[in-house]
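To keep things clear, I will list the structure first and then write my remarks on it.
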Amino acid sequence: MSGPLTDDFGRAVTGVRVSLTDRCNFDCIYCHNEGLGDTRGPMEPGENEMSTDDVVRFLEVVEEYDVRKVKFTGGEPMLRQDLEEIIRRTPDSMEVSMTTNGTFLPGRAADLREAGLDRVNVSQDALDPDDFAAVTKSGAYDQVMEGVKAAVDAGLAPVKLNMVVFTHTAGYVEEMVEYVAENEGLQLQLIEYMPELTGKPEWNIDIERVHDWLEGIADRVERREMHSRRRYYIGADGDGPGGMVEIVDPVENESFCANCGRVRVTHEGYLKGCLNRNDDLRSMGEMTREEIAETFETVVANRVPYYGEYLIKDDDGEYEFNEKYLGTPSV
């Protein structure tokens, strides 16, 4: 191959996001997944989940298209017992990251690092155990806090804490920013709540107010090329950069998706061009490597433009899909 694939909007696909399971041991009130599934603990892949070989085969195929980053997600990816093996067998050319709720990190962070994991994002919506339990429907607060420390100690720093900002958590943002500024090895991602995924528009807040507040207290502000994100450095002094805070705000944000270079894979082995899109699913099933390559090319070719054009509001303010991009051609 001569460089990465580029879609019709000039976006080069250089990364993939691979879901390993839809099972999760949390039941976060903002999550769009339905049901927790079997959450007894880490186990071998279920019948509806890609096997280790399936995941590795896909990564080996897209490596030929200059894909250089993979992020493993779920559900909760650490409910997969074979996670370390998957990471160990991931092509060496790829940077490997993972998004997790952190409950299994205390016992596995060092092994994951040894297997080849480079970075980790940990969901952390509150620093008070009761507030944490109210959002996650989980009593695992202490395990998560231990997991964050274990990840930093294992060399997975900077550990990014992911916090979804909506009416239930907006009051915790200031405390979380201070926590990250005071603890070396941590960064914070404030994630804009997506009401169209959960059906609770009344939980939404104006994310620009959070931007304005951070702008006012930041020692330094940078703009990151990817997604045109702003980075706020809080509490910086002569001895270090302080805490770094980013806001992930895709809703009606044209520039956010304009630089997206990522294709997704569901836990069942379906390729898709966007988180909020399900009409372009292409199953890899028992495909040969050649067929996976052809499917990957098709999904990239069928990618849609930015969020605010593909997912639009109707006259009543409800979200709907732009018919222009439905029913895209398949192979």
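The values are calculated or read from the model by the stated rules, or taken from the named source; none is laboratory data. Being a predicted model, the structure only gives us computed values, none of them experimental. A quick note on method: Cβ atoms are made from the backbone with ideal geometry, for glycine too, and the neighbour counts reach across all protein chains shown.
Within region 311-325, one or more residues are among the aromatic types (Phe, Trp, Tyr), at pLDDT below 65, outside any strand (DSSP E or B) and over 27 Å from Ile205 (Cβ atoms).
Do you know which residues across region 8-39 are assigned to a loop (DSSP other than H, G, I, E, B), farther than 16 Å from Asn101 by Cα and modelled with pLDDT of 90 or more? Of everything in region 8-39, those that are assigned to a loop (DSSP other than H, G, I, E, B), farther than 16 Å from Asn101 by Cα and modelled with pLDDT of 90 or more turn out to be Val13, Thr14. Taking region 232-241 as the range and being closer than 18 Å to Lys160 by Cα and either in contact with a Pro (Cβ under 6 Å, 6 or more places away or on another chain) or at pLDDT below 90 (or both) as the test, the residues that pass are Tyr233, Gly235, Ala236, Gly240, Pro241. Does Asp82 meet the test of being crowded, with 16+ Cβ neighbours inside 10 Å, over 18 Å from the mean Cα position of the chain (by Cα) and farther than 29 Å from Gly139 by Cα? Considered against the rule, which asks whether it is crowded, with 16+ Cβ neighbours inside 10 Å, over 18 Å from the mean Cα position of the chain (by Cα) and farther than 29 Å from Gly139 by Cα, Asp82 comes out as no. In this structure, is Glu184 surrounded by fewer than 19 Cβ atoms within 10 Å (Cβ to Cβ) and in a helix (DSSP H, G or I)? It is false that Glu184 is surrounded by fewer than 19 Cβ atoms within 10 Å (Cβ to Cβ) and in a helix (DSSP H, G or I).
Against the test of being surrounded by 13 or more Cβ atoms within 10 Å (Cβ to Cβ), under 27 Å from Asn25 (Cα atoms) and more than 21 Å from the chain's Cα centre (by Cα), the options Asp219, Asp153, Asp142 yield a single qualifying residue, Asp153. Here Ile205 does not fit the description of being at pLDDT below 95 and in a strand (DSSP E or B). Please enumerate the residues belonging to region 116-133 that are in contact (Cβ under 8 Å) with a residue 60 or more places away in the chain and either of a type outside the set (Asp, Glu) or part of a strand (DSSP E or B) (or both). Selection gives Asn121, Ser123. Hey, can you tell me all the residues within region 134-160 that are in contact (Cβ under 8 Å) with a residue 24 or more places away in the chain and outside any helix (DSSP H, G or I)? Lys137, Ser138, Ala140, Ala154, Gly155, Leu156, Ala157, Pro158, Val159, Lys160, listed by residue number. Selection of region 48-83 for residues being of a type in the set (Asp, Glu) and at negative phi yields Glu49, Asp53, Asp54, Glu60, Glu63, Glu64, Glu76, Asp82.
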